[in-house]
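The values are calculated or read from the model by the stated rules, or taken from the named source; none is laboratory data. Predicted model only: the values in this text are computed from it and were never measured. We place every Cβ from the backbone using ideal geometry, glycine too, and count neighbours over all the protein chains shown.
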Amino acid sequence: MTLQPRQQALLAAVIERYVETAEPVGSASLVADPKFVARVGGVSSATVRNELAELEAAGLLAHPHTSAGRVPTDAGYRVYVNEMLKPRPVKARERAQIESQIVTPASSVEDALRDACVTLARLTGYPAVATLPAAGRDSVRQVQINALPPRRLILALVTAAGRIEHRVFEVEDDVPNQRLSAVVNFLNQKLSGRTLSALRALQFEDIADGLHGAQTLALARRAFEFVRQSAGELGDERVVVQGMITLLDEPEFSDIEQARAAMRLFDDVSTMNDLLRAPLERALSGEPGAASYAVVIGEEHQPVGHAAAQRFSLVGIAYGVGGEVLGSVGVMGPTRMKYTDAVSLVPALAARLRDSLETL
C-alpha cells in the first residue's frame with residue numbers, strides 16, 4: 001500500500017502516541033491532539049476513523065478490542081522506520097555523558113564495550129548489548145609468564161578485547177628470572193599486535209631469530225606453543241549486556257512469565273550473537289545510501305528461532321577501528337520503543353567507541 005501524506009501523518013501519530021502512552025489510540029484523541037492537527041489540518045473524527053480502518057486493512061494497525069483504539073503492528077513500525085523516521089540531533093547533555101563515560105584510550109575492548117553499554121542503557125532506558133570481536137579478529141595484547149614454585153610456570157595470554165587465557169606447565173628445573181624475562185620480552189616483541197587468526201597459523205621457526213642459548217630457546221618454543229594453543233581455544237560467542245533491569249519499567253514485561261522469558265533471551269549468548277548479526281551484515285554490505293544503523297522489528301527476528309526475541313526491536317550498528325569491523329552494539333527494547341532516540345544515540349555512541357578503541 002502506498003500511503004498518502006495524511007495516512008503517513010496518521011500512522012506516525014498513532015505510533016508516537018502509542019510509544020508514549022502504551023495505550024491503544026482512538027480517533028477522538030487524535031482529533032483533539034494539537035500536534036496531529038498541525039500536521040494534517042482540521043479533519044473530522046469520521047475521516048480519521050475511515051483512514052484508521054484503511055491502515056488496519058493494510059496490516060499496519062491492529063484493533064486489540066472492539067471498543068478500543070488501534071495499536072501499531074510490526075509492519076506499521078517498519079513503514080514508520082523506513083519512510084518517516086528521522087534521527088534527531090544528539091543533545092548536549094547526552095553527548096557530554098557519552099564523552100565522559102567512554103574514556104580514551106580504552107583499557108581493553110571489553111572494558112570499552114561495557115562502558116558503552118552502561119551509557120547507552122542509561123540514555124535510552126533500554127537494555128544495551130554488544131558483541132566482542134570474533135576471536136580471529138582479536139589480537140595479542142600481552143603475554144605474561146610467572147613462576148609457580150616448585151618447577152611450574154603460569155602463562156597468560158591477554159588479548160586486545162580483554163580475553164585472558166591461562167596455562168600452567170611444568171619445567172624440569174627452576175627457571176632463572178633473567179631467562180624468564182628474556183622469553184617474555186621475546187614473545188611480546190614477536191607476537192604483540194598479531195591477530196589471533198594469524199597467530200594460529202604461525203610456526204615458531206617464523207619468529208625464532210634473535211634468541212640465544214639452548215635452554216632459553218627451548219623455553220620460548222614451549223611457551224609459544226602454549227600461546228598458540230590458547231589462541232586456538234578462544235571462542236567467538238561473547239556478548240556484553242547492560243541494563244536488563246530497565247525492562248521491568250515497560251508494561252510489556254509486567255507479566256512475570258514474559259519478564260522471565262526476556263531474561264532467558266539475554267542470557268542466551270548464542271541467540272544474542274545471532275540477533276546482533278544484522279548490524280554487521282548492514283555494515284559489510286556497503287549498500288549505497290543505506291543508514292549506518294540497522295533496525296530489526298519484532299517478527300523480523302523469527303529466523304533466530306527464539307520466540308521471546310519477537311517481542312523486541314533492535315537498533316544496532318557495527319563498530320570498529322581503521323576501517324575494520326569488529327562487532328556490533330545497540331539497544332533492544334519492546335517493539336513500542338522510542339526509535340527516534342535510539343537511531344540518534346546508537347550511532348553517536350559508536351563514533352565515540354571508535355575513538356576510544358583507536359588509541360588502545
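Filtering T216, T246 for residues that are of a type in the set (V, I, T), surrounded by 11 or more Cβ atoms within 10 Å (Cβ to Cβ) and within 23 Å of A147 (Cα to Cα) leaves a single hit, T216. Scanning segment 202-246 for residues being of a type in the set (G, A, S) and over 22 Å from L153 (Cβ atoms) gives a total of 2.
Give me the residue from segment 22-40 that is of a type in the set (A, V, I, L, M) and not in a helix (DSSP H, G or I) and, out of that set, nearest to L61 (Cα to Cα). Give the derivation first.
Keep residues of segment 22-40 that are of a type in the set (A, V, I, L, M), which gives 22, 25, 28, 30-32, 37-38, 40.
Remaining after also requiring not in a helix (DSSP H, G or I): 22, 25, 32.
Details: A22: 14, V25: 10, A32: 20 Å.
Per the criteria, the residue is V25.
Taken as a whole, the structure places G76 among residues that are closer than 27 Å to D249 by Cα and either touching a Leu at 6+ places or on another chain (Cβ under 7 Å) or aromatic (F, W, Y) (or both).
Take the residues of segment 172-193 that are crowded, with 16+ Cβ neighbours inside 10 Å and touching a residue at least 40 places away in the same chain (Cβ under 8 Å): which is farthest from P133 (Cα to Cα)?
V175
Residues that are of a type outside the set (A, V, I, L, M) and in contact with a Cys (Cβ under 7 Å, 6 or more places away or on another chain): does segment 228-242 have at least one? Write out each step before concluding.
Applying the first criterion (of a type outside the set (A, V, I, L, M)) to segment 228-242 yields 228-230, 232-233, 235-238, 242.
Adding the requirement that they be in contact with a Cys (Cβ under 7 Å, 6 or more places away or on another chain) leaves 242.
Yes, some residue in segment 228-242 is of a type outside the set (A, V, I, L, M) and in contact with a Cys (Cβ under 7 Å, 6 or more places away or on another chain).
If you take the residues in segment 79-94 that are of a type in the set (D, E, K, R), in contact (Cβ under 8 Å) with a residue 40 or more places away in the chain and surrounded by fewer than 15 Cβ atoms within 10 Å (Cβ to Cβ), which one is farthest from A58 (Cα to Cα)?
Here is the first cut: in segment 79-94, the residues of a type in the set (D, E, K, R) are 83, 86, 88, 91, 93-94.
Now narrow it down to the ones that are in contact (Cβ under 8 Å) with a residue 40 or more places away in the chain: 83, 86, 88, 94.
Restricting the remaining residues to those that are surrounded by fewer than 15 Cβ atoms within 10 Å (Cβ to Cβ) gives 83, 86, 88.
Working: E83: 16, K86: 23, R88: 29 Å.
So the residue we want is R88.
I'd like to know if segment 232-240 contains one or more residues that are part of a helix (DSSP H, G or I), at pLDDT 90 or above, out of contact with any Phe, Trp or Tyr (no Cβ under 8 Å at 6 or more places or on another chain) and among the acidic types (D, E). No, there is no match, as no residue in segment 232-240 is part of a helix (DSSP H, G or I), at pLDDT 90 or above, out of contact with any Phe, Trp or Tyr (no Cβ under 8 Å at 6 or more places or on another chain) and among the acidic types (D, E).
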